[in-house]
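Taken together, the values in this text are just the output of simple stated rules run on the coordinates, not laboratory data. These numbers were taken from a predicted model, which means no experiment stands behind them. Glycine gets a Cβ as well: all are built from the backbone with ideal geometry, and neighbour counts include every protein chain shown.
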Amino acid sequence: MMSGSLEGKSYRNIPGTIFSVFCFGFLAFLVFGFSFDSNEFSTTKFFNVALAVSALFSVAAWVMLKGAFLSRMRLRSGFVEVDGIVFRYRIPADLVASASGNGPLEVRSAGGEVYGCIGMSGSVLGSLFGDRYHRRAADEINRYARTHRRAMKRNGPGGVERLFRFGFVWIIVSFVLWFGLFWAIGTTVPR
């Protein structure tokens, strides 16, 4: 496989993503149950319960979304990008010392720092099958870093970039959706 075909490649945890879809369904089921039980509350108490449940569920949904859907490693423009829950690290190929796929998929920089993401952490099921996906991804990252090392050194010295990507918009949208769902179900149920 040529290194050009590795450009733009993304590594993410597919089973974790599927599991999160079931977790979202379970959260929706819980909202449905909470809103049925809370229809006997006064309007003020119902509003407070709706706020609390929506806040709790939006944070839980944010953690699942960031951990399973948005946490990944990518090969892009001579950089290895590691997307964590809060930060994105852009590691230039010339600073990648090695990538390891024994257990969690991790990238070690020339300075000794280790970068990993929660979406590519180790799992029992992965260990039972020998972490094949993580090992293959580590081999591809190492090959990508080797082929792009010279080009990155020619561009001059650069360090690891740390970009803040918290996702306030996701939390606000999730809160509005959970609150709307809770309010719609809770107010339409006959008392």
Has segment 119-131 got any residue that is in contact with an Asp or Glu (Cβ under 6 Å, 6 or more places away or on another chain), of a type in the set (Gly, Ala, Ser) and buried (at least 16 other Cβ atoms within 10 Å of the Cβ)?
no
Within segment 138-153, residues small (Gly, Ala, Ser) and either buried (at least 21 other Cβ atoms within 10 Å of the Cβ) or under 14 Å from Ser109 (Cα atoms) (or both) come out as Ala138, Ala145
Counting only residues that are in a strand (DSSP E or B) and out of contact with any helix residue (DSSP H, G or I) (no Cβ under 7 Å at 6 or more places or on another chain), which one in segment 61-78 is surrounded by the fewest Cβ atoms within 10 Å (Cβ to Cβ)?
Arg76
Please go through (1) in contact (Cβ under 8 Å) with a residue 60 or more places away in the chain; (2) exposed (fewer than 15 other Cβ atoms within 10 Å of the Cβ) for Ile18 and return the number of the only condition it doesn't satisfy.
(1)
Taking the conditions exactly as written (among the charged types (D, E, K, R), farther than 15 Å from Leu75 by Cα and free of Cβ contacts under 8 Å to residues at least 60 places away in the same chain), does Arg132 satisfy them or not?
yes
Could you check, for segment 176-186, whether at least one of its residues is closer than 24 Å to Gly84 by Cα, touching a residue at least 60 places away in the same chain (Cβ under 8 Å) and surrounded by 14 or more Cβ atoms within 10 Å (Cβ to Cβ)?
no
Across segment 57-113, the tally of residues that are over 21 Å from Tyr133 (Cα atoms) and of a type in the set (Lys, Arg) stands at 2
